[in-house]
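Read through the structure below, which is laid out as structure tokens, and then see the notes.
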Amino acid sequence: MRRLQRRSSRRSRGPPNDRENELFREASSLCAATGAQVAVFTINGEGQTRAYGCPSVDAVLGRYLAHPQPPTPAARFKAAVDELLRRHIERKREEERAAMEGETPSGRELKEMEWSIEFLEGVKARVARRIQSLEARGSEPSTSGSAE
């Protein structure tokens, strides 16, 4: 198939057109030749939709939606920061338990803790700004993918 150059030629008017039928035939051939599960959707200029699926649209979409989607880069970054904060909180709790038992951190350990807190707060602020900028631009990667 090739792309039609004129925009008016690409519009589908009324009942299904030859290009949609050709697309569905190609999807059917792919399914028959390879055993692939295929779902194809079309939306014409008037907003009417048609769909084709092999074995069925519901089966393909159900299988696709059943698989967990990979996390976005922003979500992975936030998870990493959350893990750093969790570790810091755990270390802080251990230090508090040790202090209650009479052990106190040295001056060097206190400086390291203060530096860690400042560093993690800075990272957390940068993460929050980055997530806001991604959401504002709407540049979160889509969760679309292919069914196996």
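The values are calculated or read from the model by the stated rules, or taken from the named source; none is laboratory data. Model, not experiment: these values are computed from the prediction. Virtual Cβ from ideal backbone geometry, glycine too; neighbours counted across all protein chains shown.
Would you call Pro68 more than 30 Å from Glu121 (Cβ to Cβ), surrounded by fewer than 13 Cβ atoms within 10 Å (Cβ to Cβ) and at pLDDT below 85? It is true that Pro68 is more than 30 Å from Glu121 (Cβ to Cβ), surrounded by fewer than 13 Cβ atoms within 10 Å (Cβ to Cβ) and at pLDDT below 85. Is at least one residue of segment 31-46 surrounded by 11 or more Cβ atoms within 10 Å (Cβ to Cβ), at pLDDT below 80 and closer than 30 Å to Gly122 by Cα? No. Looking only at segment 95-116, decide whether some residue is assigned to a helix (DSSP H, G or I), more than 20 Å from the chain's Cα centre (by Cα) and among the β-branched types (Val, Ile, Thr). No, every residue in segment 95-116 fails to be assigned to a helix (DSSP H, G or I), more than 20 Å from the chain's Cα centre (by Cα) and among the β-branched types (Val, Ile, Thr).
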